[in-house]
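Novice: Have a look at this one.
The values are calculated or read from the model by the stated rules, or taken from the named source; none is laboratory data. Please read these numbers as outputs of a predicted model, since none were measured by experiment. In this analysis, Cβ positions are derived from the backbone assuming ideal geometry, glycine residues included, and neighbour counts consider all displayed protein chains. Only protein heavy atoms, including side chains, enter the accessible area calculation; ligands, DNA and RNA are left aside. Shrake-Rupley method; radii C 1.70, N 1.55, O 1.52, S 1.80 Å.
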Amino acid sequence: QVQLVESGGGLVQAGGSLRLSCAASGRTFSRYTMSWFRQAPGKGREFVGGITWSGDSAYYTDSVKGRFTMSRDNAKNTVYLQMNSLKPEDTAVYYCAARRYGIDTSPSGYDYWGQGTQVTVSS
């Protein structure tokens, strides 16, 4: 079992930055691929980025490439999402998710989810 708790969301102006954190419980955190998804009002849950268990490979959706960066610290059981050059269209609830094996861009591929953290970008 893995429990996930996100933090770091908030209100920021366009062009600003935020860093989200996702703290995981469980001794096997390092075995899990971790991803971030987001969901805007009235829309489906969208893949943002994923990082492999070792942290040596990450994959991002096109709309955030060059602006968002994922990292993880397995010793702290934490994964991060650094978000720079934020845009109003980045406004959403951001969720972290965990799965075994490789990165999956579909929400249905994940076994564990956090409760989400709100990110609001004002224009």
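Novice: If TRP113, TRP53, TRP36 are ordered by their accessible area, calculated over protein heavy atoms with a 1.4 Å probe, which sequence runs from highest to lowest?
Specialist: TRP53, TRP113, TRP36
Novice: If you build a Gaussian network model of the chain, linking Cα atoms that sit under 10 Å apart, which residue out of SER21, SER57, SER30 swings the most?
Specialist: For the chain, modelled as a Gaussian network with Cα springs under 10 Å, the answer is SER57.
Novice: Right, another one. So, with +1 on the Cβ of K and R and -1 on the Cβ of D and E, and no other charges, what is the size of the charge dipole of the chain about its Cα centre, to the nearest 20 debye?
Specialist: Values: 13 positive and 9 negative charges, 35 e Å.
Roughly 160 debye for the chain.
Novice: Moving on. Can you tell me what the convex hull of the Cα atoms of the stretch 34-91 projects to on average, as an area in nm²?
Specialist: Averaging across all directions leaves 4.3 nm² for the Cα convex hull.
Novice: Another question, then. Averaging sequence separations of C-alpha pairs under 8 Å and six or more residues apart, then dividing by the length of the chain, give the relative contact order as a whole percent.
Specialist: For the chain, the relative contact order is 36 percent.
Novice: Can I ask one more? Under a crude label model (7 Å from the Cα following the beta-carbon direction), how far is SER54 from ALA14 in nanometres?
Specialist: Rounded to a tenth, the inter-label distance reads 4.1 nm.
Novice: Something else now. Per residue, what volume in Å³ does the Cα convex hull of the stretch 82-123 take up?
Specialist: It is 91 Å³ per residue.
Novice: Quick one: accessible surface of LEU4, probe radius 1.4 Å, all protein chains present, in square angstrom to the nearest 10.
Specialist: Estimated to the nearest 10 Å², LEU4 gives 10 Å².
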